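Colleague: Quick one: the structure is below, and I'll ask about it shortly.
The values are calculated or read from the model by the stated rules, or taken from the named source; none is laboratory data. Here the structure is a predicted model, which means the values were calculated and not measured. Backbone-built Cβ (ideal geometry, glycine too); neighbour counts: all protein chains shown.
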Amino acid sequence: MDYNIELLEFFDQLDFCLSLRFKDKWRHRYSEHFINIFQERVLKAVESQKPLKKSTLVIAYTKKHKYDIDIVNDFFDVIDLSLYYPVIYDDRK
């Protein structure tokens, strides 16, 4: 495996996740506020250089912002949250 290519692909994915294109792609299905929460959390994780737990995201969406867990899980599945590892990791495995 060429780790340089994997690293570039990861940074491209991360760049897309934080972009207006990402927001435009998903805001009609989930809402702009919903996407803003995700982008803010990812950006904070990158800036602080601390990985973000999936469970922390779930709690933010469901407890703090009162989103339904099924919508949150659907979003994570649709965007394939695993693509953002190690910035976001599933601590429930």
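Colleague: Looking only at the stretch 7-21, filter to residues that are acidic (Asp, Glu) and over 15 Å from GLU40 (Cα atoms); which one of those is nearest to the chain's Cα centre (by Cα)?
Modeller: ASP12
Colleague: I would also like to ask the following. Scan the stretch 62-93 for residues that are crowded, with 17+ Cβ neighbours inside 10 Å, touching an Asp or Glu at 6+ places or on another chain (Cβ under 9 Å) and either outside any helix (DSSP H, G or I) or hydroxyl-bearing (Ser, Thr, Tyr) (or both) and report the count.
Modeller: 0
Colleague: Only one of these conditions is not met by LYS25: (1) over 21 Å from GLU9 (Cα atoms); (2) surrounded by 11 or more Cβ atoms within 10 Å (Cβ to Cβ). Which number is it?
Modeller: (1)
Colleague: Evaluate the following for ASN4: is it of a type in the set (S, T, N, Q), loosely packed, with under 15 Cβ neighbours inside 10 Å, outside any loop (DSSP other than H, G, I, E, B) and under 11 Å from the mean Cα position of the chain (by Cα)?
Modeller: Taking the combined requirement at face value, the residue does not satisfy it.
Colleague: Which of the residues spanning the stretch 41-93 are more than 18 Å from GLN13 (Cα to Cα), in contact with a strand residue (DSSP E or B) (Cβ under 9 Å, 6 or more places away or on another chain) and at pLDDT below 95?
Modeller: ASP91, ARG92
Colleague: Which of the residues spanning the stretch 30-60 are touching a residue at least 12 places away in the same chain (Cβ under 8 Å), of a type in the set (Lys, Arg) and either surrounded by fewer than 10 Cβ atoms within 10 Å (Cβ to Cβ) or assigned to a helix (DSSP H, G or I) (or both)?
Modeller: Selection gives ARG41, LYS54.
Colleague: Would you tally the residues in the stretch 61-93 being of a type in the set (Asp, Glu) and in contact (Cβ under 8 Å) with a residue 24 or more places away in the chain?
Modeller: 2
Colleague: While we're looking at this one, here's another question. Inspect the stretch 2-13 for any residue being touching a strand residue (DSSP E or B) at 6+ places or on another chain (Cβ under 9 Å) and in contact (Cβ under 8 Å) with a residue 40 or more places away in the chain and give the result as yes or no.
Modeller: Scanning the stretch 2-13 turns up no residue that is touching a strand residue (DSSP E or B) at 6+ places or on another chain (Cβ under 9 Å) and in contact (Cβ under 8 Å) with a residue 40 or more places away in the chain.
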